[in-house]
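Notes follow once the structure below has been shown.
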Amino acid sequence: MILDKFNLTDKVAIVTGASRGLGQAMALGLAEAGADIVAISTDAVNLQETEKLIHNAGRRVVCLSCDVSDGGQIQQSIKHSLDAFGKVDILVNNAGIIRRTPAHDYSDEDWGAVINTNLTGTFRFCREVGKMMLVQGHGKIINIASLLSFSGGISVPAYAASKGGVAQLTKALANEWAAKNIQVNAIAPGYFATDNTENIRNDQERFKSISDRIPTGRWGNPEDIAGAAVFLSSAASDYVNGHVMLVDGGWMAR
C-alpha cells in the first residue's frame with residue numbers, strides 16, 4: 001500500500017535547530033510518522049518542549065546541544081547519536097541564523113557567522129553523516145533552503161548567499177550519492193510565522209505587501225512543513241534527488 005511507504009517506524013532522524021519553529025515541527029512530524037529523533041539545538045530550554053512533544057508521540061528522543069558552526073561539536077553530536085541509536089537514517093539540516101544589515105554596512109563578523117552556520121555547518125553535517133550512509137547503503141538528507149535560494153532579499157546578503165549555497169550543495173551531493181541509494185533534497189520554506197520573521201511581521205507595511213502576494217492568503221504555520229519533511233524522509237521519495245521543494249503557499253508561482 002502506498003501509505004506504507006510513508007511509514008518511518010524504526011528509522012532514526014537527526015534534526016538540527018529542533019527547539020522551536022520549523023525544526024520542532026519537522027522533528028515532531030517525523031516522530032509521528034514513526035521515527036526516533038536526535039533533537040539538536042543550542043537552546044536547551046525550548047528543546048525540553050520538543051522532547052516532551054516527541055515523548056508524547058510515543059517515540060524515543062535524545063536532545064543534544066550543538067553549535068553547528070563548530071566542526072568539533074558536530075562530530076561529538078554524531079558520536080552521541082550513534083551511541084544512543086546505533087545508526088542515522090535521516091538528517092534534517094535546519095539550524096540557521098540571519099543577520100539583517102544593509103550590504104554597505106555588513107560586517108565581516110556577521111558574514112562569517114551566517115555562512116559558517118547556514119552553509120558550512122550544513123556541509124559538515126552532510127559530509128560526516130553521509131560517510132555513514134555510504135557504508136550502510138541508504139539514507140535521506142534534507143537541507144533547509146529558502147525563498148532566498150532563488151531571489152536576493154533585502155539587507156540579508158549573507159543569508160541569501162548561504163541559502164543559495166545550500167541549494168547548490170544539495171544538488172552537488174545528490175549527483176554524487178544518488179547511485180548509492182542516498183537521496184539528498186532540500187525544502188525551501190516561504191514566509192512562516194516564526195521567530196526569524198518576527199521583525200517583518202511587526203512591520204505592518206511590509207507584512208501587508210508580503211501577505212498580499214501569497215496566493216494561499218496567509219503565512220505558513222510551522223506544522224505546514226511537516227508533511228514535506230516526512231515525504232522526503234520516506235521510501236515514497238526514493239526517486240527524488242537534488243530537488244528543492246518549495247513550501248511557500250504559492251509565493252514563487254506568482
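The values are calculated or read from the model by the stated rules, or taken from the named source; none is laboratory data. Not measured: the values here are computed from a predicted model. Quick reminder, even Gly has a Cβ in these numbers, built from the backbone with ideal geometry, and neighbours come from all protein chains shown. The protein model used for the area step is the full one, side chains on, heavy atoms only, and it has no ligands, DNA or RNA in it. Shrake-Rupley method; radii C 1.70, N 1.55, O 1.52, S 1.80 Å.
Summary table
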| read-out | value |
| --- | --- |
| Accessible area, probe 1.4 Å, largest first, for residues I154, I37 | I154, I37 |
| Rounded to whole Hz, the Karplus (6.51, -1.76, 1.60) HN-Hα couplings of the stretch 246-254, x for glycine and proline | 6, 10, 9, x, x, 3, 6, 7, 7 |
| Whole-number percent relative contact order across the chain, with pairs defined as alpha carbons under 8 Å at least 6 apart | 20 percent |
| Carbon + sulfur, % of accessible area of the stretch 51-102 - ligands and nucleic acids excluded, 1.4 Å | 46 percent |
| Projected area averaged over orientations for the chain, convex hull of C-alpha atoms, nm² | 13.5 nm² |
| Rounded tilt (10° steps) of 204-213 against the dominant C-alpha axis of the chain | 60 degrees |
| Extreme residue, positive dipole direction of the chain, given options S19, G71, G86 (C-beta unit charges) | G86 |
| Quotient of C-alpha Rg and 2.2 N^0.38 Å, computed over the stretch 1-79 | 1.09 |
| Surface accessible to a 1.4 Å probe, Y159 within the full protein complex, Å² | 40 Å² |
| Using alpha carbons only: equivalent-ellipsoid semi-axes of the stretch 105-185, gyration tensor based, whole Å | 28, 13, 7 |
| Members of K87/K163; K140/K208; K5/K87 lying beyond 26 Å, as alpha-carbon distances in this model show | K87/K163; K140/K208 |
| FRET efficiency for R100 and H138, using Cβ-Cβ distance with R0 set to 51 Å, rounded to 0.05 | 0.80 |
| S41 accessible area, 1.4 Å probe, all protein chains in place, Å² to nearest 10 | 10 Å² |
| For the chain, calculated [θ]222 nm from helices alone, where every DSSP H run of n ≥ 4 adds -39500 (n - 2.57) | -13000 deg cm²/dmol |
| Under the Karplus curve 6.51 cos²θ - 1.76 cosθ + 1.60, θ = phi - 60°, whole-Hz ³J(HN,Hα) for the stretch 100-109, x wherever Gly or Pro sits | 9, 7, x, 4, 6, 10, 6, 7, 4, 4 |
| Extension gain from D195 to D43, taking 0.36 nm per residue of separation minus the Cα-Cα distance | 53.4 nm |
| Between the stretch 16-41 and the stretch 183-239, the alpha-carbon center distance in angstrom | 16 Å |
| Rounded to 10°, Cα long-axis angle of helix 21-32 versus longest principal axis of the chain | 30 degrees |
| Percentage relative contact order, the stretch 1-64, counting C-alpha pairs under 8 Å, at least six apart | 33 percent |
| Probe 1.4 Å - accessible area at V247, Å² to nearest ten | 30 Å² |
| Accessible surface ranking that places the most exposed of S107, S233 first, with a 1.4 angstrom probe | S107, S233 |
| Dipole axis of the chain (+1 Lys, Arg; -1 Asp, Glu on Cβ), positive-most option in L148, I115, V135 | V135 |
| Cut-off 16 Å, label 7 Å out along Cα→Cβ of Q168, residues of the stretch 237-253 by amide N | 244 |
| Cα-centred dipole magnitude for the stretch 84-170, charges only on beta-carbon of K, R (+1) and D, E (-1), debye, nearest 20 | 360 debye |
| Set of lysines with alpha-carbon distance to K52 below 20 Å, sequence-local pairs under 8 removed | K11 |
